[in-house]
Structures are given as structure tokens and as C-alpha cells.
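Engineer: Let me begin by handing over the structure; questions about it come next.
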Amino acid sequence: MNSPGRTLSGRATLAGVIGWPVGHSLSPALHGYWLDRYAIDGAYVPLPVAPENLGTALRALPALGFAGVNVTVPHKQAVAAAVDTLDDAARRIGAVNTVIVADDGKLVGRNTDGIGFINALHAGATGWSASAGPTVLLGAGGAARAICAALLDAGAPEVRIVNRTKQKADQIAADLGGPIQTLAWNDRDRSLENAGLLVNATTLGMTGADPLPISLDLLPASAVVTDIVYAPLETPLLAAARARGNVAVDGLGMLLHQACPAFAAWFGVEPEVTDALRNHVLNQLRAD
Ligand code: NAP
């Protein structure tokens with residue numbers, strides 16, 4: 001799929017991903033799969049943009065006829081400050097992962113990480129509902145902020161944010177409002193009591209990082225456990241959760257589902273997240 005050199009017409013729709021570096025992004029493989037699958041006259045390209053060139057690169061998008069771009073590390077916050085308008089999610093989160101070039105050339109910043117997270121949980125944990133019980137959210141970085149906002153929107157009765165640097169969790173609570181509690185990192189084991197969902201949104205458990213140090217003893221058997229780290233796909237946390245009988249959902253689904261609204265906006269087709277797509281992206285992940 002996404003055969004390099006595929007012939008485009010002069011009317012091809014263009015999109016891409018801006019990051020620095022951008023070489024390990026899975027988004028070109030993901031969107032390229034859909035472009036082939038739906039036989040769309042379009043291209044999705046990696047755009048390595050150094051921080052000092054970000055403003056110039058963004059303003060060039062309408063001039064070059066791009067339909068939009070995804071935004072990845074380290075640009076998500078800077079793009080939120082640079083675009084012309086923000087959707088509600090991007091404004092609350094303070095970060096943009098998707099830019100749409102409007103018909104009048106204005107840049108619209110969106111954030112689809114949170115909705116991608118929610119849709120991946122619905123797909124991976126049949127019957128899961130945000131309102132089922134308190135969520136324990138480990139981490140208070142950019143991804144945790146998007147997930148917290150989406151969980152509140154989806155009706156979570158309580159979100160317990162547990163982060164190594166507690167002030168960052170407190171800042172999310174102050175910015176988003178709603179039923180958020182913040183806890184010290186040392187309280188992570190006991191925070192699991194009566195939880196309906198446990199989310200790892202730290203970098204712990206990633207290839208090359210330490211595993212997440214947590215005891216699941218107090219976590220109810222009915223709770224769903226998800227890790228947004230997807231390299232490795234089966235993190236030590238997910239393995240421990242499955243071993244004690246909890247439903248466990250890996251982080252690849254969030255990556256696939258966050259891409260759907262952007263693809264639909266740029267290329268005009270609502271794409272599907274399928275096993276074949278997942279395998280295609282996994283092959284790319286393993287090849288890296
Ligand atoms: P980030 O803004 O850099 O936040 C990192 C978080 O990890 C912070 O809460 C940080 O705590 C915590 N952390 C790092 N090292 C730690 C340690 N040794 N002990 C305890 N906590 C530690 O990163 P992000 O953008 O939110 O991304 C977080 C992870 O999610 C990354 O692995 C990223 O690849 C993944 N992600 C996945 C998806 C997906 O689609 N599946 C989407 C976005 C991100 P402090 O605040 O104390 O530093």
C-alpha cells in the first residue's frame with residue numbers, strides 16, 4: 001500500500017505532518033494507506049520543520065495549496081499560538097495536532113487527540129463508558145491534558161490526575177475545571193481504589209524508558225486499563241493488567257482514531273479504522 005511514486009494528477013490534494021524531527025512519524029504510512037484504500041488523488045508527506053522556521057512554514061501552506069497538516073512534537077503548543085482560529089478542544093487544551101486550511105486561506109487549529117482516545121476505548125473495550133466510574137490518569141503532559149478534557153466531555157464523574165510534578169496536574173485542573181482531583185505521584189497505588197479506568201499518559205513503559213512502577217492490587221477487576229504508549233504495543237502495564245483479568249487496550253488505537261477527522265476534513269472521505277490498517281501501521285512501526 002501507499003506505493004511510492006504513485007501517479008498524482010495536477011489537481012491532487014496535499015497534506016502532511018510538521019514536526020522536528022519527523023522521520024519516525026507513523027502518520028505518512030497511516031494516511032498513505034487510506035489514500036490508496038479509497039483511491040484518492042492526493043498525497044500526505046513528512047515535513048521536517050525546525051522551530052525557527054515554523055511560522056514561515058505555516059504561512060506557506062495556503063500559498064502552496066495544502067489542505068492542511070498534522071502537527072507533532074515539538075510544535076503542538078506553538079501552532080496553537082500561530083493559527084488564525086482554534087476549535088473548542090484546541091483552545092481548552094492549548095495545543096493543536098491538526099491544521100485545516102479554510103477556503104479563505106485562514107488556518108484553523110484543531111485537537112483530535114482526545115476524541116481519538118475516546119473512540120479507541122469504545123473500539124477496544126466493548127461496553128466501556130466514561131460515566132462508569134472514576135478515571136485514574138497518570139501523567140500531566142500534553143496528551144494527558146487532551147485526554148482529561150475528552151473524558152470530562154464524555155461524562156466522566158471524576159478524573160484523578162496523578163503526576164510526578166503535581167503542579168502540572170494542578171494546572172490542568174485549574175484550566176479545565178470540573179470534577180478533577182490531583183494526587184501526588186506517591187499516591188498512585190491507592191488512587192486505583194474503585195476506579196473504572198486507568199490510563200497511562202506518561203512516557204514510562206516506552207521502549208528505552210523505565211517501566212511504570214505501580215501495583216494494581218487495589219484496581220477493581222471490572223476496570224479497563226489503557227496505555228497510550230504504543231512502542232512497545234504490549235507495555236508491562238498492559239501485560240500486568242491482562243494477567244489479573246482486566247480488559248486492556250493498547251495505544252495504537254488512539255493514534256489511528258485521532259487521524260480520522262483530519263483525513264475526512266482534507267480528503268472528503270470518512271476513513272475506517274480496520275485490522276488491515278492496524279497491521280499496515282504496525283509493520284511500519286516494526287521496520288523503524
Ligand atoms: P509530555 O508532554 O512530555 O509528558 C510526559 C509525561 O510523562 C509527564 O506527565 C511526565 O511527568 C511523565 N514522566 C516522564 N518521565 C517520568 C518518570 N521517570 N516518572 C514519572 N513520570 C514521568 O509527553 P506527551 O506528549 O504527553 O506524551 C506522553 C506519552 O504518550 C508519550 O510516550 C507519547 O509517545 C504518547 N502519546 C501517544 C499518543 C497516541 O496516539 N497513542 C498520542 C500522544 C502521545 P512530569 O510532568 O513530572 O515531567
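Engineer: Condition check: of a type outside the set (Lys, Arg), free of Cβ contacts under 8 Å to residues at least 12 places away in the same chain, farther than 21 Å from ALA243 by Cα and within 15 Å of the ligand (Cβ to nearest atom). Does GLN171 satisfy that? Before you say what the answer is, go through the steps one by one.
Structural biologist: Working: of a type outside the set (Lys, Arg): yes; free of Cβ contacts under 8 Å to residues at least 12 places away in the same chain: no; farther than 21 Å from ALA243 by Cα: yes; within 15 Å of the ligand (Cβ to nearest atom): yes.
Spelling it out, it is not the case that GLN171 is of a type outside the set (Lys, Arg), free of Cβ contacts under 8 Å to residues at least 12 places away in the same chain, farther than 21 Å from ALA243 by Cα and within 15 Å of the ligand (Cβ to nearest atom).
Engineer: For ALA67, state whether it is more than 16 Å from the ligand (Cβ to nearest atom), buried (at least 17 other Cβ atoms within 10 Å of the Cβ), among the small types (Gly, Ala, Ser) and in contact (Cβ under 8 Å) with a residue 24 or more places away in the chain.
Structural biologist: On the way: more than 16 Å from the ligand (Cβ to nearest atom): yes; buried (at least 17 other Cβ atoms within 10 Å of the Cβ): yes; among the small types (Gly, Ala, Ser): yes; in contact (Cβ under 8 Å) with a residue 24 or more places away in the chain: yes.
Judged against the criteria, ALA67 is a match.
Engineer: Counting just the residues of region 225-279 that are among the aromatic types (Phe, Trp, Tyr) and farther than 22 Å from ALA140 by Cβ, which one comes out nearest to the ligand (Cβ to nearest atom)?
Structural biologist: Narrowing region 225-279 to residues among the aromatic types (Phe, Trp, Tyr): 230, 263, 266-267.
Filter once more, so that each one left must be farther than 22 Å from ALA140 by Cβ: 263, 266-267.
On the way: PHE263: 15, TRP266: 18, PHE267: 20 Å.
That would be PHE263.
Engineer: Tell me the helices (runs of 4 or more DSSP H) entirely within region 1-102 that contain at least 2 residues that are of a type in the set (Ser, Thr, Tyr). Don't jump to the end; show me each part of the working.
Structural biologist: Numbers: elements: 27-37, 54-63, 76-82, 88-93.
Filter on region 1-102 gives 27-37.
Engineer: What is the one condition in (1) hydroxyl-bearing (Ser, Thr, Tyr); (2) within 25 Å of ALA90 (Cβ to Cβ); (3) in contact (Cβ under 8 Å) with a residue 40 or more places away in the chain that SER191 does not satisfy?
Structural biologist: Just one mismatch for SER191, condition (2).
Engineer: From the list ARG286, ARG278, ARG188, ARG242, which residue is closer than 30 Å to LEU14 by Cβ and more than 19 Å from the chain's Cα centre (by Cα)?
Structural biologist: Going through ARG286, ARG278, ARG188, ARG242 in turn, the sole match is ARG286.
Engineer: Checking the conditions here, which among ASP103, ASP84 is under 27 Å from GLN171 (Cα atoms), without any contact (Cβ under 8 Å) to a residue 40 or more places away in the chain and not aliphatic (A, V, I, L, M)? Walk me through it before giving the result.
Structural biologist: On the way: ASP103 fails: under 27 Å from GLN171 (Cα atoms).
Exactly one of ASP103, ASP84 is under 27 Å from GLN171 (Cα atoms), without any contact (Cβ under 8 Å) to a residue 40 or more places away in the chain and not aliphatic (A, V, I, L, M), namely ASP84.
Engineer: Working only within region 108-123, note down all residues that are buried (at least 24 other Cβ atoms within 10 Å of the Cβ), within 11 Å of the ligand (Cβ to nearest atom) and small (Gly, Ala, Ser).
Structural biologist: GLY114, GLY116
Engineer: Taking THR126 as meeting all but one of (1) part of a loop (DSSP other than H, G, I, E, B); (2) more than 15 Å from the ligand (Cβ to nearest atom); (3) touching a strand residue (DSSP E or B) at 6+ places or on another chain (Cβ under 7 Å), write down the number of the exception.
Structural biologist: Condition (3) is where THR126 drops out.
Engineer: Residue by residue through region 52-89, note down the ones that are under 19 Å from TRP20 (Cβ atoms) and charged (D, E, K, R).
Structural biologist: GLU52, ARG59, LYS76
Engineer: Go through region 133-150 and report how many residues are away from the ligand (no atom under 14 Å from the Cβ) and more than 15 Å from THR182 (Cα to Cα).
Structural biologist: Adding up the residues that qualify gives 1.
Engineer: Further question: Can you name the residue in region 174-199 that is small (Gly, Ala, Ser) and out of contact with any helix residue (DSSP H, G or I) (no Cβ under 6 Å at 6 or more places or on another chain) and, of all such residues, is farthest from the ligand (Cβ to nearest atom)?
Structural biologist: Among those that are small (Gly, Ala, Ser) and out of contact with any helix residue (DSSP H, G or I) (no Cβ under 6 Å at 6 or more places or on another chain), it is GLY177.
Every read-out reported here was derived from the displayed coordinates using simple, explicitly stated rules and does not represent laboratory data. Nothing here was measured: the structure is a model prediction, and the numbers come from that model. All Cβ positions, glycine included, derive from the backbone under ideal geometry; neighbour counts span all protein chains shown.
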